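Reading through the structure tokens given below for one structure.
The values are calculated or read from the model by the stated rules, or taken from the named source; none is laboratory data. Treat the numbers as computed from the prediction; the structure is a model and nothing was measured. All Cβ positions, even for glycine, are placed from backbone atoms using ideal geometry, and neighbour counts span all protein chains on display.
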Amino acid sequence: MSTSLHYCLELAVQNQARKIHMRSSQIQHICGLSSFYCELITSHPRYQPSGERGNPPLPWPLVRTGFQDPVLSNRVQYVLKHDRGGMMIRVRFAPSPTGYLHVGGARTALFNWLFARHNHGTFILRIEDTDKERSTDESIEEILESMRWLGLDWDEYYRQTDRTDAHLLAAQDLMDRGLVYESDGAWWFRVPTEGNTIVHDDLLGDVTFPNDLLKDFVIRRSDGSFIYHFVVVVDDADMEVTHVIRGDDHLNNTPKHVLLFEALGRTVPRFVHLPMILGSDRTRLSKRHGDTATLEYRDRGFLPEAMVNFLARLGWSHGDAEVFDRASLVELFSIDEVNKSGAIFEDTKLMWLNQQHMKLADLDRLLGLVRPMVLELNRVTAQMWDAVDPGHLRTGAHLFRDRCKTLRDLASAMELLFPVPLIPEDEFRVNATQAPLMMSVANALALTKPFTPEDIEQDVRAALEANQATLKDVALVSRLAVTGRKAGPGLFESFACVGRELVVERLRDAAQSVLE
RNA sequence: GUCCCCAUCAUCUAGCGGCCUAGGAUACCGGGUUUUCAUCCCGGCGGCAGGGGUUCAAAUCCCCUUGGGGACGCCA
């Protein structure tokens, strides 16, 4: 297998990063290389147990030396030829700005980004805006915003329309060399009528396309503008893209691209065609499936790291692990662990992941994200928010986040910490025996000091005992009166977090309505 | 229609010939913990699309069938 050496070296480097030193016999076992080359790898200074993270990725120069050796097997030669030893990895994400960035596109962007970051390579963002009819600046902004939200930072940025000169030059070159002809005003690329074009795909393996099935195709319209297939190749070549990672809806276009790379005399990049993300009806994701815009998920209260985690797990996996932060994703990501079959986008697991990441998140950051959402509910004002002790807010966020799937849930839960009328989730009535009990509890709490869960519990129980009552008699109504909810964090913790003033007031109000 | 890709629980997946009576996660259903809810813990439900080979041995390799997806533009 051509990927064996590749796999072996990647594994070796991963293990090196984890400070696990693979012995040459293990490497030999994995990739079947002769012990001579395995020794060569392991004796290289870069491949040492003491190696730090962030070292240049592979001991390629050494392996290249072995290329001279006639005993090296064909498959190793193949790998060496295509991996272009030591070359900096460059990948690109190339969306067309004809609408929002949907989650499928976001996943493609993420895989490119992870691949680049994992390999200390370069991540290029290239806007394919050659379709003047459908491209809009708003779309570009939305795409950039989506990527910023997900934290997919790019190292280089291009707009395809800025590269017309380069396209012209390349096209003219093909024309001059007779590889392109003009007909009806358009420029056609001549496809060989015989032979096969093979696409070397790092995920799918080699895919063969008979050339006679490919027809000559237009690279330049009669109005002088260029066709996607042409510009994508010229751009990838000029930008020295080493790996084209994209959706497998492009697989059938790839032989055209390979032919163009060859015609232009440029190096053909490696390809990785990712399986598509499907909607619940198993068809390719589209607007019709609703909620496919990446930013929708931000607005619905998902954490970007949860989204990234979820998207990464759609097609990629690492053993049984489920929850990944950004850093471990970068560290662990590998094309070898990408799945070949398409995945359905279903957000139940995203909900759970979001909850996991909310539990992991810094409380102050959480509050910063939740604040605008609370204000959006139009009951709590910015002044009210700022007037509440940050410690209370933190406690609230801490108490409620275990019970929330999204930041929206958290926002609505946190409303009860503010002096606004509660909207009880269930109608409740305080009865004649409960009212005086609640009043005495309220009176006791008015004097509780400090207002901590422990002291609150003590005083509440004492007040109830004095009236020959138990907590059970008033727990539910009190909870409803103070929090508006039937369920929630521990009663005393809830009280402490709501604060003395509001608790006493809400208890008295509830009791009062009956006593009158 | 032609070409291409894919195929393990409802969903995301592990599995690269023996460790598989197929493992994990979500969802769902029980139980425990909790004054409640959630978290957490324990348990349950549930799958190798079908048929042929190859092999001592197949979820795993090969072929066929079926199913799903995608591509067949002077769109990207």
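Rundown of residues vs (1) under 16 Å from A:A432 (Cα atoms); (2) among the aromatic types (F, W, Y); (3) more than 10 Å from RNA strand B (Cβ to nearest atom), yes/no style:
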{"residue": "A:R461", "(1), (2), (3)": "no, no, yes"}
{"residue": "A:V477", "(1), (2), (3)": "yes, no, yes"}
{"residue": "A:R485", "(1), (2), (3)": "no, no, no"}
{"residue": "A:A496", "(1), (2), (3)": "no, no, yes"}
{"residue": "A:R500", "(1), (2), (3)": "no, no, yes"}
{"residue": "A:V503", "(1), (2), (3)": "no, no, yes"}
{"residue": "A:A511", "(1), (2), (3)": "yes, no, yes"}
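Which of the residues that make up segment A:206-235 are among the β-branched types (V, I, T) and under 33 Å from the mean Cα position of the chain (by Cα)?
A:V207, A:T208, A:I227, A:V231, A:V232, A:V233, A:V234
Those residues that are touching a residue at least 24 places away in the same chain (Cβ under 8 Å) and closer than 18 Å to A:V504 by Cβ, I need them from segment A:464-476; list them, please.
Result: A:L464, A:A466, A:N467, A:V474.
Quick one: A:L278 ticks every box in (1) under 25 Å from A:G121 (Cβ atoms); (2) within 8 Å of RNA strand B (Cβ to nearest atom) bar one, so which box is it?
Only one criterion is unmet by A:L278, namely (1).
Filter segment A:217-252 for residues that are near RNA strand B (Cβ under 9 Å from one of its atoms) and acidic (D, E) and give the result.
If the condition is that a residue be near RNA strand B (Cβ under 9 Å from one of its atoms) and acidic (D, E), then A:D223, A:D248, A:D249 are the ones that fit.
Tally time: how many residues in segment A:114-135 are away from RNA strand B (no atom under 13 Å from the Cβ) and assigned to a loop (DSSP other than H, G, I, E, B)?
Summing the residues that are away from RNA strand B (no atom under 13 Å from the Cβ) and assigned to a loop (DSSP other than H, G, I, E, B) in segment A:114-135 gives 3.
Does A:D409 satisfy the criteria of being touching a residue at least 12 places away in the same chain (Cβ under 8 Å), within 15 Å of RNA strand B (Cβ to nearest atom) and part of a loop (DSSP other than H, G, I, E, B)?
So A:D409 does not fit the description; no.
Is it the case that segment A:126-135 has a residue that's hydroxyl-bearing (S, T, Y), in contact (Cβ under 8 Å) with a residue 60 or more places away in the chain and surrounded by 15 or more Cβ atoms within 10 Å (Cβ to Cβ)?
Yes, the conditions are met somewhere in segment A:126-135.
Report yes if A:K256 is surrounded by 19 or more Cβ atoms within 10 Å (Cβ to Cβ), over 30 Å from the mean Cα position of the chain (by Cα) and not in a strand (DSSP E or B), otherwise no.
yes
Take segment A:183-199 and flag every residue that is more than 8 Å from RNA strand B (Cβ to nearest atom), without any contact (Cβ under 8 Å) to a residue 60 or more places away in the chain and of a type in the set (S, T, Y).
Result: A:T193, single match.
One line per residue, one yes/no per condition, for (1) assigned to a helix (DSSP H, G or I); (2) under 21 Å from A:G391 (Cα atoms); (3) modelled with pLDDT of 90 or more:
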{"position": "A:L476", "(1), (2), (3)": "yes, no, yes"}
{"position": "A:A481", "(1), (2), (3)": "yes, no, yes"}
{"position": "A:R485", "(1), (2), (3)": "no, no, yes"}
{"position": "A:G488", "(1), (2), (3)": "no, yes, yes"}
{"position": "A:S494", "(1), (2), (3)": "yes, yes, yes"}
{"position": "A:C497", "(1), (2), (3)": "yes, yes, yes"}
{"position": "A:V503", "(1), (2), (3)": "yes, yes, yes"}
{"position": "A:L507", "(1), (2), (3)": "yes, no, yes"}
{"position": "A:V514", "(1), (2), (3)": "yes, no, no"}
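If you go through segment A:176-185 one residue at a time, how many are assigned to a strand (DSSP E or B) and of a type outside the set (D, E, K, R)?
3
Within segment A:367-407, take every residue that is of a type in the set (G, A, S) and under 27 Å from the mean Cα position of the chain (by Cα) and give me the one that is nearest to A:Y297 (Cα to Cα).
A:G368
Just to be sure I understand the filter: pairs with C-beta atoms under 8 Å, separated by 6 or more residues or on different chains, first member in segment A:483-497 and hydroxyl-bearing (S, T, Y), second member near RNA strand B (Cβ under 8 Å from one of its atoms). Which pairs pass?
Between residues of segment A:483-497 that are hydroxyl-bearing (S, T, Y) and residues that are near RNA strand B (Cβ under 8 Å from one of its atoms), the close pairs are A:T483/A:S494; A:S494/A:R479; A:S494/A:G488.
Could you count how many residues in segment A:441-462 are touching a residue at least 24 places away in the same chain (Cβ under 8 Å), crowded, with 18+ Cβ neighbours inside 10 Å and of a type in the set (G, A, S)?
Residues that pass the stated criteria total 1.
When you scan segment A:191-231, how many residues do you find that are part of a helix (DSSP H, G or I) and loosely packed, with under 14 Cβ neighbours inside 10 Å?
Count: 2.
Run down A:E376, A:E322 and say which single residue is within 16 Å of RNA strand B (Cβ to nearest atom) and surrounded by fewer than 15 Cβ atoms within 10 Å (Cβ to Cβ).
A:E322
Going by the structure shown, is A:W188 assigned to a loop (DSSP other than H, G, I, E, B) and of a type outside the set (D, E, K, R)?
no
Of the residues A:D216, A:D223, A:D202, which single one is farther than 15 Å from A:L259 by Cα, of a type outside the set (G, A, S) and without any contact (Cβ under 8 Å) to a residue 40 or more places away in the chain?
A:D223 is the lone residue from the list that is farther than 15 Å from A:L259 by Cα, of a type outside the set (G, A, S) and without any contact (Cβ under 8 Å) to a residue 40 or more places away in the chain.
Six or more apart or on different chains, Cβ atoms under 9 Å: show the pairs whose first residue is in segment A:319-346 and at positive phi and whose second is modelled with pLDDT of 95 or more and part of a loop (DSSP other than H, G, I, E, B).
Nothing qualifies.
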